[in-house]
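Each remark here refers to the structure printed beneath this line.
The values are calculated or read from the model by the stated rules, or taken from the named source; none is laboratory data. Quantities reported herein were computed from a predicted structural model and do not represent experimental measurements. Reconstructed Cβ throughout: ideal geometry from the backbone, glycine too, with neighbour counts over all protein chains shown. Protein only, heavy atoms only, side chains kept; ligands, DNA and RNA dropped before computing areas. Shrake-Rupley method; radii C 1.70, N 1.55, O 1.52, S 1.80 Å.
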Amino acid sequence: SVDQAVDLILLALNEPAVMHPLLAWLAASARRPECAEFPLLFIGGSSGVGKSTLARLGCRLLGSKIEIDLGANTPFILYRTLASSSSLPVFVDEWTQLSRRDTREAFQGIVPLLYTGGIAERGMADLGTMGYRVSAPTIVAGEDTFVLDRELERTVAIFPSRAQQNAQALHAIHSAPLERFGHAFHWWLTSLPSLPPMPGSAAT
């Protein structure tokens, strides 16, 4: 079937060590609202390995176009973007030393809150604060890596390689009916009564 073909093409985009965790994280992300805690997905590696391409394809599969570049946006825009969804993935690009320092540090500071779906507070010009609930499943891509324990313990990390890229599969996926597949995928993940409760949910 068409859906099976799309599934096989997705799996062929890179090596299993990359694609299996990526697709598993995407499947779980559709049920993020059921979980008290949910890890970020980190896609790392050097320039040209396909980090952003995989992140955008994953978001497209779940029906999301929510994206922010750490190098071109203020902390205020970062907070607002991360608070714009509770179940659709948000893609945070350019986790590098070359990104805006204030925005990068703001993101680094709320990694634990993204994991728990907590409320991030941002100071306002009138000396008050604004709260943003940041519970969206979050994909991060960049050439740097997370190094602090509080970050490493709250992320699933994959590292695609240029050598394992499948150009044929990438070309095929761009012309595949991914939205149709994504709709069926999302419905199956969130609507079937036979699916077991998510680990860490109120039902477990």
I need every pair where a residue in region 65-79 that is of a type in the set (Asp, Glu) has its Cβ under 7 Å from the Cβ of a residue that is buried (at least 17 other Cβ atoms within 10 Å of the Cβ), sequence separation at least 6 or different chains. 67/91; 67/93; 69/93; 69/94
If residue 147 satisfies all but one of (1) open to solvent by 60 Å² or more (accessible area, probe 1.4 Å); (2) closer than 21 Å to residue 58 by Cα, what's the number of the condition it fails? (2)
Which pairs have Cβ atoms under 6 Å, sit 6 or more apart or on different chains, and link a residue in region 142-158 that is free of Cβ contacts under 8 Å to residues at least 60 places away in the same chain to one that is assigned to a loop (DSSP other than H, G, I, E, B)? 152/146
Filter region 144-163 for residues that are out of contact with any helix residue (DSSP H, G or I) (no Cβ under 8 Å at 6 or more places or on another chain) and charged (D, E, K, R) and give the result. 144, 149, 153, 162
Where in region 1-83 are there helices (runs of 4 or more DSSP H), lying wholly inside it, with at least 2 residues that are buried (at least 18 other Cβ atoms within 10 Å of the Cβ) and either touching a strand residue (DSSP E or B) at 6+ places or on another chain (Cβ under 6 Å) or of a type outside the set (A, V, I, L, M, F, W, C) (or both)? 16-29, 51-61, 75-82
Which of the residues spanning region 160-180 are of a type in the set (A, V, I, L, M, F, W, C) and open to solvent by 20 Å² or more (accessible area, probe 1.4 Å)? 163, 167, 170, 172
List the strands (runs of 3 or more DSSP E) inside region 112-167, counting only whole elements, that have at least 3 residues being more than 25 Å from residue 11 (Cβ to Cβ). 119-123, 129-133
Inside region 126-142, can you point out the residues that are closer than 15 Å to residue 114 by Cα and either at pLDDT below 90 or open to solvent by 10 Å² or more (accessible area, probe 1.4 Å) (or both)? 131, 132, 133, 135
What is the one condition in (1) surrounded by fewer than 16 Cβ atoms within 10 Å (Cβ to Cβ); (2) modelled with pLDDT of 95 or more; (3) under 24 Å from residue 180 (Cα atoms) that residue 90 does not satisfy? (1)
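Quick grid of which residues meet (1) without any contact (Cβ under 8 Å) to a residue 24 or more places away in the chain; (2) of a type outside the set (A, V, I, L, M):
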{"residue": "8", "(1), (2)": "yes, no"}
{"residue": "20", "(1), (2)": "yes, yes"}
{"residue": "36", "(1), (2)": "no, no"}
{"residue": "39", "(1), (2)": "no, yes"}
{"residue": "42", "(1), (2)": "no, yes"}
{"residue": "47", "(1), (2)": "no, yes"}
{"residue": "51", "(1), (2)": "no, yes"}
{"residue": "62", "(1), (2)": "no, no"}
Taking residue 105, is it open to solvent by 60 Å² or more (accessible area, probe 1.4 Å) and in a strand (DSSP E or B)? no
Whether any residue in region 150-159 is under 16 Å from residue 26 (Cβ atoms) and surrounded by 18 or more Cβ atoms within 10 Å (Cβ to Cβ) is what I want to check. yes
